[in-house]
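Asker: Before we start, here is the structure in question, set down as structure tokens.
We did not get these values from a lab; they are worked out from the coordinates using the rules stated. All values derive from a computational prediction rather than experimental measurement. Every residue, glycine among them, receives a Cβ derived from its backbone with ideal geometry; neighbour counts consider all protein chains shown.
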Amino acid sequence: MAEQAVAAGAQIAQTVQDAARAAGFDLAGVAPIGRFPELGRLPEWLADGHAGEMRYLEARNPTGELKRSAVEVAFPWARSVVVCAINYNSARPYSTDMRDPERGWIARYAWTREDYHKTVLRKLKQVETRLREEVRGCRTLAYVDTGPIVERVYAKYAGVGWIGKNTCIINEQVGSWLFLGVIVTSAELEPSLPAPDRCGTCTACIEACPTGALTEPYRMDATRCISYLTIEKRGSLPTEMRAAIGQHVFGCDICQDVCPWNREAPRATEAAFEPRPELVNPALAWVAELDEEAFANTFRGSPVRRARRSGLRRNAVTAMGNSGRREFLTQLERLCEDPDPVVAEHARWAVAKLRQ
Ligand code: SF4
Ligand code: SF4
């Protein structure tokens, strides 16, 4: 009987992976539940303050355990996690090739025409439906970035890729420009084999990180990461971090741009991931002046909204200060009187930096 159950679990796992392919995912696999060593380090990482203001990472279950320490802590009924991944690699440019100091950088995942959460969740729902057809009565929950789950750890154990020294999931064939979706389920599915680590002796991402956020291989201090600072951090940016933020106005791609596994990464085939040209390397002067209406119209349905208008303008003003372009001084001096006190304070910092 036990052998039959294992065989059925393996066959269903294959059916689910086929459904993921049919839905348009590039990669899919099944992770078992368990206490993975990568998640065992979460309490220490949080205690070190590396999560900054991202308090949601500290969510606990009714018995006080960190929800993200294992999927079964948040969902005691969980038996498997289906992980699906889709490539969003659009045609270059890479941020590391950009040289125009009057332009800022928005992370490539945010160039898409439709918010990727929507696109990926739509596909994930197709896979979830197929799983529910195969295993009648099973419980499922589908998430794209919104669940109390450290997706990349489950992606590793589902064989989607290894966790690189830059902390991203990397697949040997597809690279690391991947959106992940997970389905937590009560169904016992045959787990896939974890992908082996292929970083080897490479340390390109650690050397290229401008803020020292990759404090050691496989470990990131999010409070030093430009993605955190430009997207999640509210209010003033720490003064000592502003120069290292460079031209970034939303997120950062550097540690993926330099990764050798992305050199030959295939292009995304999903039409919804076509980049919006106005979001690729936008003019800083334009971003700094976005009013409510322009912000709402430009970023309707876009992940960029997470930074909020104030944060995006703050970042643009900071990047102008980093540009070395004294041509920005007139605009920045005016922004020193901006009604948004955060923008005004960063404009004063930028003026002082350009006058140095
Ligand atoms: S995203 Fe940028 S700042 Fe963050 S770790 Fe990578 S290179 Fe460093
Ligand atoms: S740049 Fe090198 S060390 Fe960093 S993730 Fe890629 S392969 Fe690994």
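Asker: Between Ala208 and Ala296, what's the calculated FRET efficiency when r is the beta-carbon distance and R0 is 30 Å? Round to 0.05.
Answerer: On the way: r = 35 Å, r/R0 = 1.16.
So, using R0 = 30 Å, E works out to roughly 0.30.
Asker: Give me the compactness ratio for the stretch 1-110, meaning the Cα radius of gyration over 2.2 N^0.38 Å. Please list the in-between numbers first.
Answerer: Working: Rg = 19.9 Å, N = 110, 2.2 N^0.38 = 13.1 Å.
So the stretch 1-110 has a normalised radius of gyration of 1.52.
Asker: Report the residues of the stretch 63-91 in range of a label on Lys118: point 7 Å along Cα→C-beta, backbone N strictly under 17 Å from it.
Answerer: none
Asker: Kindly state, to the nearest 0.05, the FRET efficiency for Arg355 paired with Met98, given R0 = 30 Å and r defined as their beta-carbon distance. Let's see the in-between values first.
Answerer: Numbers: r = 25 Å, r/R0 = 0.83.
After rounding to 0.05, the efficiency reads 0.75.
Asker: Counting alpha carbon pairs within less than 8 Å and at least 6 residues apart, what relative contact order, in whole percent, applies to the stretch 124-197?
Answerer: Details: 97 pairs, mean separation 28.4, N = 74.
Dividing the mean separation by the residue count of the stretch 124-197 yields 38 percent.
Asker: To continue, here is another question. Ranking Trp77, Trp111 by Cβ neighbours within 10 Å, fewest first, what do you get?
Answerer: Working: Trp77 11, Trp111 22.
By the 10 Å Cβ count, ascending, the order reads Trp77, Trp111.
Asker: With 10 angstrom as the radius, rank Met320, Met241 by how many other C-beta atoms surround their C-beta, starting from the fewest.
Answerer: Working: Met320 31, Met241 19.
Ascending number of Cβ neighbours within 10 Å: Met241, Met320.
Asker: Applying the Karplus parametrisation 6.51 cos²θ - 1.76 cosθ + 1.60 with θ = phi - 60° to the phi angles of the stretch 277-294, what ³J(HN,Hα) value in whole Hz is obtained for each residue in order, glycine and proline being reported as x?
Answerer: The phi angles translate into x, 5, 9, 8, 6, x, 5, 5, 4, 6, 4, 5, 9, 4, 8, 3, 5, 5 Hz.
Asker: Given 10 Å bins starting at zero, what is the percent of C-alpha pairs of the stretch 179-289 in each, up to the one with the largest pair distance?
Answerer: Going out from 0 Å in 10 Å bins, the stretch 179-289 shows 10, 30, 34, 21, 5, 0 percent.
Asker: If the rule is a partner Cβ under 4.7 Å, which cysteines in the chain fail it?
Answerer: Within the chain, the cysteines lacking a partner Cβ under 4.7 Å are Cys84, Cys138, Cys168, Cys199, Cys202, Cys209, Cys225, Cys252, Cys259, Cys336.
Asker: Which helices count as membrane-span-like in the chain under these terms: full DSSP H, at least 15 Å along the axis by C-alpha, Kyte-Doolittle mean of 0.0 or more?
Answerer: Values: long enough: 2-23 (31 Å, 0.20); 116-134 (27 Å, -1.33); 308-322 (21 Å, -0.92); 341-355 (21 Å, 0.10).
Span-like helices here: 2-23, 341-355.
Asker: Can you list the HN-Hα couplings for the stretch 324-336, worked out from phi with the Karplus curve (6.51, -1.76, 1.60; θ = phi - 60°), rounded to whole Hz and with x for Gly and Pro?
Answerer: With coefficients 6.51, -1.76 and 1.60, one gets x, 9, 5, 4, 7, 4, 4, 5, 5, 5, 5, 5, 4 Hz.
Asker: For the chain, taking Cα atoms only, what is the radius of gyration to one decimal and the Dmax to the nearest whole Å?
Answerer: So, for the chain, Rg and Dmax equal 21.5, 78 Å respectively.
Asker: Of the beta bridges DSSP finds with both residues in the chain, what % are antiparallel, to the nearest 5?
Answerer: Numbers: 26 of 28 bridges.
Rounded to the nearest five, the antiparallel share is 95 percent.
Asker: How many angstrom lie between the C-alpha centres of the stretch 107-143 and the stretch 278-302?
Answerer: The two parts, judged by their Cα centres, are 28 Å apart.
Asker: If each residue of separation counts as 0.36 nm, what is the full-extension length gain between Arg306 and Ala91 once their alpha-carbon separation is subtracted? Mind showing how you got there, number by number?
Answerer: Working: separation 215, 0.36 × 215 = 77.40 nm, distance 2.43 nm.
Working it through step by step, the gained length comes to 75.0 nm.
Asker: Tabulate in residue order the Karplus-calculated ³J(HN,Hα) for the stretch 253-269, using 6.51 cos²θ - 1.76 cosθ + 1.60 with θ = phi - 60°, rounded to whole Hz; enter x for Gly and Pro.
Answerer: Using θ = phi - 60°, the values come out as 10, 4, 6, 9, 4, 8, 5, x, 6, 9, 4, 10, 4, x, 7, 5, 9 Hz.
Asker: With the contact rule set at Cα under 8 Å and sequence spacing of 6 or more, what percent relative contact order holds for the stretch 215-291? Walk me through the intermediate numbers first.
Answerer: On the way: 20 pairs, mean separation 17.6, N = 77.
The value is 23 percent.
Asker: Taking 8 Å as the Cα distance limit and 6 or more residues as the minimum spacing, I'd like the relative contact order of the stretch 204-355 as a percentage. It would help to have the intermediate numbers written out before the result.
Answerer: Values: 173 pairs, mean separation 36.4, N = 152.
Over the stretch 204-355, the number comes to 24 percent.
Asker: How much length would be gained if the chain were fully extended between Cys336 and Arg60, taking 0.36 nm per residue of separation minus their Cα-Cα distance, in nm to one decimal? Intermediate results must be reported in sequence, preceding the final value.
Answerer: Working: separation 276, 0.36 × 276 = 99.36 nm, distance 4.23 nm.
Fully extending the segment from Cys336 to Arg60 adds 95.1 nm.
Asker: Using +1 at the C-beta of Lys and Arg and -1 at the C-beta of Asp and Glu, which of Ala352, Ala243, Met220 has the Cα lying farthest in the positive direction of the dipole of the stretch 204-355?
Answerer: Of Ala352, Ala243, Met220, it is Ala352.
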